[in-house]
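Working notes, beginning with the structure itself.
Here, each number is a calculation from the coordinates, and none is a lab measurement. Given the structure is predicted, the values throughout are model-derived calculations rather than measurements. Please note: Cβ atoms are built from the backbone with ideal geometry, for glycine as well, and neighbour counts cover all protein chains shown.
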Amino acid sequence: MEYTENGEKRTFVLDTNVLIHDPTAIFRFKEHDVYIPMIVLEELDDNKRGASEVARNARQASRFLDDLLCNMSSEQIEQGIELPHTHNADNGNAAGHLFLQTRLLHEELPDTLPGDKPDNHILGMALALQHTQPELAITLVSKDINLRIKASILGIHNEDYYNDQVLDDVSLLYSGHHELPDEFWQEHDKDMESWQEEGRTFYRITGPQVADWYPNQCLSIGHEPFEAIVREVEEDSAVIERSHNYQQSTNAVWGITARNREQSFALNLLMDPEIDFVSLLGMAGTGKTLLTLAAGLAQTLDKNLYNEIIMTRVTIPMGEDIGFLPGTEEEKMTPWMGALMDNLEVLTGVEEEGEWERAATDALLQNRIKIRSMNFMRGRTFLNKYIIIDEAQNLTSKQMKSLITRAGPGTKVVCLGNVAQIDTPYLTETNSGLTYVVDRFKNWPHSGHITLMRGERSRLADFASDNL
């Protein structure tokens with residue numbers, strides 16, 4: 001949220017959904033003023049009950065407002081409450097003010113916009129502010145597209161809430177893979193060192209491209225059989241390691257071999273015990289869940305690096321909601337875990353086994369794979385667990401933080417998702433929690449990310465993904 005073309009301060013009128021989406025929005029408008037209509041306070045009150053994320057955010061927004069209004073007189077509230085200072089290069093330490101609607105302020109709206117709707121109350125108040133205080137640069141901020149459309153029709157300047165946006169364009173999102181130019185070795189072989197440790201091959205590279213690399217970034221050169229992972233990045237040099245080729249059947253993970261270069265990189269990240277956080281992006285059919293489960297089973301059942309696998313996901317239906325489900329927490333979550341069951345059938349090869357073998361396999365997996373609901377994650381600490389967060393694109397940055405901070409010593413977290421398939425209201429590709437963690441973790445030496453590009457499900461699924 002910046003200045004107008006004339007460099008003047010702006011007054012932002014906030015819709016309720018902005019505060020419910022981000023309770024800290026009050027403090028995120030730098031040195032500009034914030035105006036909250038009375039109907040917004042009413043809607044916060046209507047949404048505060050319950051244990052949902054909406055209710056928690058509504059309560060938190062109300063607490064912030066209560067803290068700001070503490071010991072304030074009605075005259076001080078009328079004049080505006082000074083918000084915490086923010087540093088601005090042009091104005092030094094500048095502070096905006098919070099204004100709450102303290103008197104009736106409404107403009108006549110067209111008959112096609114009935115005044116009993118909260119959105120229309122906000123529109124009428126914004127119009128009245130424009131007419132009674134024309135010196136103010138009024139901007140209505142809302143996550144509601146329809147409200148912004150109506151505001152545009154009425155001549156009210158409006159914007160979406162951008163302060164939670166991670167990137168300007170999702171095409172700028174870190175992919176985790178960098179293809180080196182064909183002449184890379186000619187430019188960087190002058191001071192190159194190489195050595196081996198415990199069967200692993202390392203190179204120390206010095207050159208102009210090194211400064212743009214990230215820890216655990218995957219590297220390759222065109223069609224050459226060279227694949228490596230960045231292990232250390234310094235100012236003018238980096239240490240890279242030749243990666244394992246999981247496309248070879250001799251390196252299969254629980255019977256699964258990678259079908260392309262990106263899948264091989266994904267298995268390198270998933271099988272590395274020094275990497276605590278892995279994020280995998282890709283469209284349907286790229287193998288995100290299958291690779292993650294194969295790596296989890298190999299490290300839990302074969303290597304005993306983790307005690308058990310915990311899988312969770314946000315429960316947003318694709319179609320009509322089927323209502324409440326009976327049973328325990330795990331039984332309620334089972335219908336949402338079709339991807340888990342489908343991939344377990346592939347990994348365990350149940351079609352080729354007899355009844356006794358299937359029963360033994362199911363008992364073993366039920367003992368080591370747990371399905372958990374996100375609703376009961378708060379306050380928990382997971383020790384030596386392999387945690388899979390599926391459909392992570394439907395989580396907000398706050399929800400993602402709440403989940404990942406549950407990890408205790410020895411725990412690995414894997415986030416899976418496709419930012420092109422977001423079902424949560426008010427979330428987009430640029431402010432999804434999955435986009436947020438990919439961007440924030442890319443500089444941490446114990447995290448890794450890769451975007452899977454090629455679908456490997458079937459030729460039918462590939463054609464549907466590209467053409468429908």
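Beta-bridge orientation, the chain: approximately 35 percent antiparallel, per DSSP, counting only bridges with both partners inside.
For a quick check: with amide H placed at 1.01 Å from N, whose amide H comes under 5 Å from residue 9's, ignoring anything fewer than 5 positions away on the same chain? Here nothing satisfies the definition. For the pair residue 223 and residue 82, a Förster radius of 41 Å applied to the C-beta separation gives a FRET efficiency near 0.10, rounded to the nearest 0.05. The Cα atoms of the chain give a gyration tensor whose axes a ≥ b ≥ c have a/c of 1.5 or more with a/b greater than b/c, which makes the shape prolate. Couplings 3J(HN,Hα) for region 31-41, derived from phi with the Karplus relation 6.51 cos²θ - 1.76 cosθ + 1.60 (θ = phi - 60°), are 8, 8, 8, 10, 10, 10, x, 5, 5, 5, 5 Hz, where x marks Gly and Pro. Pairs from the table (398/442; 30/442; 143/401; 9/117; 303/442; 30/401) lying more than 20 angstrom apart at Cα are 30/442; 143/401; 9/117; 303/442; 30/401.
For residue 95, what is the net charge nearby, where nearby means another residue's Cβ is under 9 Å from its Cβ and Lys, Arg count +1, Asp, Glu -1? If you can, show how the numbers build up before the last one.
On the way: positive: none; negative: 31, 82.
Net charge in that neighbourhood comes out at -2.
In this structure the amide hydrogen of residue 100, modeled in the peptide plane, comes within under 5 Å of the amide hydrogens of 36, none closer than 5 places in sequence on its chain.
Sparse packing (at most 12 other Cβ atoms within 10 Å of the Cβ) combined with a DSSP loop state is found for the following trypsin sites (Lys or Arg not before Pro) in region 186-288: 190. Sorting the segments 23-34, 156-167 by their residues' average number of neighbouring beta-carbon atoms within 10 angstrom, most packed first, yields 23-34, 156-167.
The mean sequence distance of close C-alpha pairs (under 8 Å, at least 6 residues apart), as a share of the length of the chain, puts its relative contact order at 14 percent. Within the shell defined by Cβ-Cβ distances under 9 Å, the residues around residue 167 carry a net charge of -4, with Lys and Arg each +1 and Asp and Glu each -1.
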